[in-house]
1. Filter segment 250-269 down to residues that are under 15 Å from L213 (Cα atoms) and in contact (Cβ under 8 Å) with a residue 12 or more places away in the chain, then give me how many there are.
2. Looking at S199, S175, can you tell me which residue is closer than 30 Å to L83 by Cβ and of a type in the set (G, A, S)?
3. Just to verify a result, which residue in segment 270-317, among those that are aromatic (F, W, Y) and surrounded by fewer than 18 Cβ atoms within 10 Å (Cβ to Cβ), is farthest from L30 (Cα to Cα)?
4. Does V258 meet the test of being in contact with a Ser or Thr (Cβ under 9 Å, 6 or more places away or on another chain), closer than 30 Å to G118 by Cα and of a type in the set (V, I, T)?
5. With the checklist (1) surrounded by fewer than 17 Cβ atoms within 10 Å (Cβ to Cβ); (2) not assigned by TED's automatic domain parsing to the domain that holds A154 in hand, flag the one item F32 doesn't pass.
6. Do we have any residue at all in segment 250-269 that's part of a helix (DSSP H, G or I), at pLDDT 95 or above and loosely packed, with under 13 Cβ neighbours inside 10 Å?
7. Go through the residues of segment 195-213 one by one and say whether even a single one is surrounded by fewer than 16 Cβ atoms within 10 Å (Cβ to Cβ), of a type outside the set (G, A, S), farther than 30 Å from C318 by Cβ and touching a residue at least 40 places away in the same chain (Cβ under 8 Å).
8. Just for segment 57-66: of the residues that are aliphatic (A, V, I, L, M) and modelled with pLDDT of 95 or more, which one is surrounded by the most Cβ atoms within 10 Å (Cβ to Cβ)?
Amino acid sequence: MRFLMSYSSSFATALSLWPLASLVLTVPILAFLYHRDGRLHLRATAGAYLSVLYALSLVCFTLLPLPTGNSGLGISYGIAPQLNPLGFVGDLQKDGASAIPQIVANIGFFVPLGLVFGRGFGWSLKRSMALGLLVSLLIETAQLTGLFFLYPHAYRTFDVDDLLWNVSGTAIGWSCAQALERALPSRRVEFANVTHMPSLLRRTVAFCLDMALVGVATVGTYIAARAALSLVGARPVAADLAAIAAAGLAFLAVEGIVPWLHDGSTPAGAVVRMSCQTTDRTPGRRLAFYAARLITLTSALAFAPVVIPIMAISWLLCRQMPYDFI
């Protein structure tokens with residue numbers, strides 16, 4: 001019981017961070033589930049958010065608490081690494097049964113990792129174990145280097161045996177995933193079916209990802225323009241103009257040109273398996289549809305307090321966006 005209580009504060013920290021981390025990761029989580037399953041299932045969605053809690057817990061269990069103050073462990077002195085692959089034998093001989101909980105914990109910490117990647121991602125045993133080894137090595141390196149040299153000394157023990165136990169836990173988790181798959185088969189999409197009647201949530205996820213793509217293009221253009229202008233000694237205001245132009249062109253490409261050429265699927269729409277074209281249209285109506293859609297989305301970005309409520313009302317009353325009526 002005392003051993004378990006030693007992790008209670010770390011788990012409490014993970015729990016406190018879980019809501020914020022889940023909120024930040026909601027769009028990529030939902031995009032992944034839409035892409036993998038073609039729709040959202042309660043069981044899979046709950047598992048995805050529990051995986052976020054697991055990742056936070058793993059970090060908190062292995063790296064917290066951090067050193068504090070001006071002296072002490074990790075600040076003015078450290079802990080020597082344990083590099084003997086058979087060190088656990090000596091621990092068992094010296095401490096007896098009291099050494100077992102730590103070994104069990106090191107195995108147990110990585111069982112969910114094998115479960116998540118064996119079932120959620122469909123990875124093979126070798127691939128899952130390789131990931132377990134890499135994650136374990138990353139954690140042990142952080143412990144050895146004082147959280148990657150954030151602290152002058154190691155404040156947690158680098159133990160080579162932990163690599164063995166962690167990889168073993170990953171293998172056990174993967175085996176559990178296979179047993180669970182036989183008992184409760186997952187509902188993955190085996191072919192690239194695309195819905196032409198996407199839900200509001202799926203539309204929102206796709207739009208957020210598309211805007212992230214536009215943002216990357218805009219920021220990348222700005223950085224490149226600033227670097228080029230600094231080399232020639234030109235005024236940096238031109239970089240702002242270049243970024244604005246890049247944002248406009250990227251938005252036009254992502255929300256107009258790409259879906260026009262790909263049956264209504266934007267780059268993110270292809271990821272979440274949706275098309276914005278809810279029905280077949282004649283060439284003239286199709287052109288009017290995309291023009292209205294571009295105007296609506298641009299207005300939603302520029303005049304969000306006015307346009308977004310109108311779009312929401314349209315969806316609530318008719319299950320369509322304003323441009324879908326064309």
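1. 12
2. S175
3. Here the residue is F303.
4. Here the answer is no, as V258 does not meet what is asked.
5. Evaluating F32 over (1) surrounded by fewer than 17 Cβ atoms within 10 Å (Cβ to Cβ); (2) not assigned by TED's automatic domain parsing to the domain that holds A154 leaves (1) as the failure.
6. Yes.
7. No, segment 195-213 contains no residue that is surrounded by fewer than 16 Cβ atoms within 10 Å (Cβ to Cβ), of a type outside the set (G, A, S), farther than 30 Å from C318 by Cβ and touching a residue at least 40 places away in the same chain (Cβ under 8 Å).
8. Result: L58.
The values are calculated or read from the model by the stated rules, or taken from the named source; none is laboratory data. Keep in mind that this is a model prediction, so the values were computed, not measured. Positions of Cβ are generated from backbone atoms using ideal geometry, with glycine treated the same way; all protein chains shown enter the neighbour counts.
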